[in-house]
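Bear in mind that the values in this text are calculations on the coordinates, not laboratory data. These numbers come from a predicted model, not from an experiment. Backbone-built Cβ (ideal geometry, glycine too); neighbour counts: all protein chains shown.
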Amino acid sequence: MSARPRNVTATGRAAIDAIRPTRIEVDLDAIRHNVGVLRRMAEPATVCAVVKADGYGHGAVATARAAIEAGATWLAVALVEEGEVLRAAGIDAPILLLSEPLGQPDAQGRRRAATRLLGADLTPSVATVAFAELLGEVANAPVSAHLLVDTGMGRVGCRPDEVPALLAHPALRVTGGWTHFARADEDVATTDDQLARWRPCVERIRQAHPEALIHAANSAGVLRHPAAHADLVRVGIAMYGLSPAPDVPAAAFGLRQALTLRTGVSFVKHVVAGTPVAYGHTWSAPRDGWVATLPIGYADGVPRSTSNHTEVLLAGQRYPQVGRVTMDQVMVFTGDHQPALGDDVVLLGGDDRHPDDPTRFVSVDEWAAAAGTISYEIPCHLTARVPRVHVG
Ligand SMILES: *Cc1c(COP(=O)(O)O)cnc(C)c1O
């Protein structure tokens, strides 16, 4: 393992007394840098840092703090529970809850959701009169809320023609209004259509509440649709330095991947040409050479679908991952290079010794392509078994 020059804080149960060298390092300087880049692109809009799903797997509390240090004015979460975690850590920035926290089988469960939401001082997104009424009952006073309007995402949100009823609802003090794009990462026409449907809603909201915060853009909206910036932008993936889509590459905007996935060689053997490796024998050595085993597998979030399709940096050189990804271990073929036990291996991220060499860098986007998925899913699927270490 390489010595880490900066202060580090390990979080999570798995970090306590870790023996296995597998860990996720999150570079908080990269998060701060990325927030700065996005702020400059979105100006005069300010940044709402989306830290749902434990900060897309990066650690919500550390990421939220770094984002606020870099000037983010709001945070957003998907669950009441996620907001409570931020409040328990002492974070006092405004936190937007991105949907109505309903789905409980009875009225008592729904009241409890509303009570906890208000208890954690989260700002609800409201799309139905029923939820407005529930909030009013629980709070006994008008509740500050952002109206959530569906202009074409087809998920949650009220219809544009339902905006006036919510604006007039006595249980609410409307302090914001927002919508969400379905195709901001891939298509301009759909986003323009959604903006056309959104504009009359904005006018209505502003007429009733001139101070209301208007927001629509996600990461792809910030990077590709300046007309969508409004007062606030809700950025997730780009803040972590990852690409919303292959056509919207984070690096091209000067964004830096914050995440490094690192381990150490745990087993070394020399094999002769033709030696098969791992379940199903999907790979055999093309020539005599060295095979290194790494103590990480799909139980840690390495997608099994990437088997035989990614590379790692071992002692600073790229080598192919070979054979099926197994639950706890993966193999790497290093050819004539004899690895040593404990050699540093980077599965995602860059090489400390050559930080500016783009060929010595494995991006999350590469894994996403190999797995046939989007970059979002890769860090979200890195499991709690892997300690998160925050650097910088
Ligand atoms: C997750 C989410 C975002 C952030 O999206 P990114 O593409 O990661 O920037 C913004 N708004 C809503 C409603 C979301 O659910």
Listed residues 374, 107, 325: farthest to the positive end of the dipole of the chain (Cβ charges):
107
Residues with beta-carbon under 11 Å from that of residue 167, excluding residue 167: net charge, scoring Lys, Arg +1 and Asp, Glu -1?
+2
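Tell me what the chain gives for mean residue ellipticity at 222 nm when only DSSP H runs of n ≥ 4 count, each as -39,500 (n - 2.57), the sum divided by the residue total, rounded to 500 deg cm²/dmol.
Calculated at 222 nm, the ellipticity per residue is -8000 deg cm²/dmol.
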Rounded to whole angstrom, the alpha-carbon centroid of region 319-392 lies from that of region 85-155 at a distance of 39
Taking the Cβ of residue 248 as the centre, find all other residues whose Cβ is under 9 Å away and add up their charges (Lys, Arg: +1; Asp, Glu: -1).
-2
Ranked by Cβ crowding within 10 angstrom, fewest neighbours first, how are 300, 288, 185 ordered?
288, 185, 300
Apply the membrane-span-like helix rule to the chain: whole DSSP H runs, Cα extent along the own long axis of at least 20 Å, mean Kyte-Doolittle hydropathy at least -0.5. List the helices found.
28-42
Determine by what factor the alpha-carbon radius of gyration of the chain differs from 2.2 N^0.38 Å, reporting the quotient.
1.10
Sorting 144, 99, 125 on the 10 Å Cβ count, fewest up front, what's the list?
144, 99, 125
Grab the other residues whose beta carbon is less than 12 angstrom from that of residue 181, score K and R as +1, D and E as -1, and report the net.
-1
Magnitude of the charge dipole, region 243-360, Cβ model with Lys/Arg +1 and Asp/Glu -1, debye to 20
240
Cut-off is 10 Å between beta-carbons; in what order do 279, 240, 298 appear when sorted fewest neighbours first?
279, 298, 240
